[in-house]
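Inspection log for the structure reproduced underneath, given as C-alpha cells.
The values are calculated or read from the model by the stated rules, or taken from the named source; none is laboratory data. Keep in mind that this is a model prediction, so the values were computed, not measured. Virtual Cβ from ideal backbone geometry, glycine too; neighbours counted across all protein chains shown.
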Amino acid sequence: MTDSAQTPTDLPEDALRRLREMSGSEGHAALFTSDLSVNEFLLVKEAGYDPVGLVVGSSIYHIGVQVAQYRQNQELQILSQAMYQARELAMTRMEEEADALGADGIVGVRLDINRYEWGQQLAEFMAIGTAVRGHGQRFRTALGKPFTSDLSGQDFWTLLQAGYMPQGLVMGSCVYHVAHQGIGQFLRSVGQNQEMPNYTQALYDARELAMERMQAEATELHAAGIVGAQIKEQSHGWGSHIIEFFAVGTAVTATRDDHTIAKPSLILSLDQ
C-alpha cells in the first residue's frame with residue numbers, strides 16, 4: 001500500500017488481504033482489477049488516472065416496519081432512513097477500500113440491492129466501482145475523501161476535459177405511502193377522464209423530498225452542480241402503495257474558469 005493510504009476500520013480480513021495483493025505489498029506484483037470496458041479504461045488513462053483496483057462495499061440490513069394510514073399520503077420515515085443508512089454504509093466501506101489502495105477516487109460506481117431467502121425484511125446493499133489514482137497532482141474532496149462518481153469512463157474523460165471534477169456520488173431517498181382511493185372518489189372517476197389529485201400530489205411530494213436531499217448532499221460538498229441525475233422508483237416488495245423514490249447523481253466542481261468543450265469529430269463507419 002502507498003504511504004497516503006489510510007487505515008481501514010471496517011473491512012473484513014479477506015478484503016484487506018485482496019487489497020494488499022493488488023497493491024503489490026504481499027510479495028506479488030501489483031495487479032489492478034476493473035469493471036471498466038476497454039474504451040472506458042483507455043479514456044480514464046488518457047484523463048490522467050490509473051485504475052488501481054475494483055472496490056466493493058456491502059451491508060446486509062434489516063429494514064424495520066412502519067404502518068401507514070390507509071387514506072393518508074405520508075412519508076414512511078423509518079423506511080426512508082433505513083434505505084439511506086444502508087446505502088451509506090456500503091458506500092463508506094467502498095471508500096475505505098479505495099483509501100487502502102491509495103486511490104484518489106472511484107469511477108463507474110453502481111449501487112445494487114439484493115434480496116435473499118433469509119428473511120423478508122433483510123436486504124444486501126452493495127456499492128462497487130473502480131478505484132483510480134492520478135498521475136500528477138493528488139485530488140481529494142472537500143471532506144477529505146476519495147471522490148466517487150457513477151459516470152462512465154467516457155463521461156469522466158469529457159468532464160475533466162471541460163474543466164470540471166467529480167466531488168462525490170450524492171443521493172436522496174424517500175419512501176412514501178400513496179393513499180388509497182375512497183369509495184366515493186372511485187365511483188366518481190369510473191368512465192371519466194380526470195386527474196387523480198391524491199396520487200399526483202403524493203408522487204410529486206415524494207420526488208421533491210428525494211431531490212431536495214440529494215441537493216443537500218451536493219451543498220455539503222461545495223459542489224457547483226450535479227450531473228447525470230436520475231430518479232428511480234422501486235417498491236422493494238412493500239406493497240403496491242409504498243414506493244421508494246431514490247435520487248442519485250454526481251456532484252461536480254469547477255477546476256478552472258474557462259470550460260472549453262472539444263468540438264465533436266465526424267467519424268464514418270466502414271461497417272456494412
Collect the residues in the range 146-161 that are of a type in the set (Phe, Trp, Tyr) and either free of Cβ contacts under 8 Å to residues at least 24 places away in the same chain or more than 18 Å from ALA90 (Cα to Cα) (or both), keeping them in residue-number order. PHE156, TRP157
Return yes when MET165 is within 24 Å of GLU46 (Cα to Cα) and either at pLDDT below 95 or part of a strand (DSSP E or B) (or both) and no when it is not. yes
When you look at GLU212, is it among the charged types (D, E, K, R), at pLDDT 95 or above and out of contact with any helix residue (DSSP H, G or I) (no Cβ under 9 Å at 6 or more places or on another chain), yes or no? yes
In the range 25-58, how many residues are among the β-branched types (Val, Ile, Thr) and in a helix (DSSP H, G or I)? 2
Of all residues being touching a residue at least 40 places away in the same chain (Cβ under 8 Å) and of a type outside the set (Gly, Ala, Ser) in the range 217-233, which is nearest to PHE147 (Cα to Cα)? Just the residue, please. LEU221
Of all residues making up the range 232-272, the number that are surrounded by fewer than 16 Cβ atoms within 10 Å (Cβ to Cβ) and either touching a strand residue (DSSP E or B) at 6+ places or on another chain (Cβ under 8 Å) or part of a strand (DSSP E or B) (or both): 8
Test of understanding: among ARG110, ARG133, ARG87, which residue is among the basic types (Lys, Arg), surrounded by 20 or more Cβ atoms within 10 Å (Cβ to Cβ) and within 21 Å of THR33 (Cα to Cα)? ARG133
Filter result for the condition that a residue is in contact with a helix residue (DSSP H, G or I) (Cβ under 9 Å, 6 or more places away or on another chain) and without any contact (Cβ under 8 Å) to a residue 12 or more places away in the chain, over LEU31, LEU143: LEU31
The one condition THR253 fails out of (1) modelled with pLDDT of 90 or more; (2) of a type in the set (Ser, Thr, Tyr); (3) over 20 Å from LEU169 (Cα atoms) is (3)
Is it the case that some residue within the range 67-88 is in contact (Cβ under 8 Å) with a residue 24 or more places away in the chain, touching a strand residue (DSSP E or B) at 6+ places or on another chain (Cβ under 6 Å), assigned to a helix (DSSP H, G or I) and farther than 19 Å from GLY237 by Cα? no
From the residues in the range 113-130 that are in a loop (DSSP other than H, G, I, E, B) and of a type in the set (Phe, Trp, Tyr), which one is surrounded by the most Cβ atoms within 10 Å (Cβ to Cβ)? TRP118
Restricting the first residue to the range 244-271 and requiring it to be over 30 Å from GLN81 (Cα atoms) and among the acidic types (Asp, Glu), which pairs with a second residue that is modelled with pLDDT of 80 or more and part of a loop (DSSP other than H, G, I, E, B) meet a Cβ separation below 7 Å and a spacing of at least six or different chains? ASP258/GLY163
How many residues are modelled with pLDDT of 75 or more and either surrounded by 16 or more Cβ atoms within 10 Å (Cβ to Cβ) or part of a loop (DSSP other than H, G, I, E, B) (or both) when one looks only at the range 1-15? 3
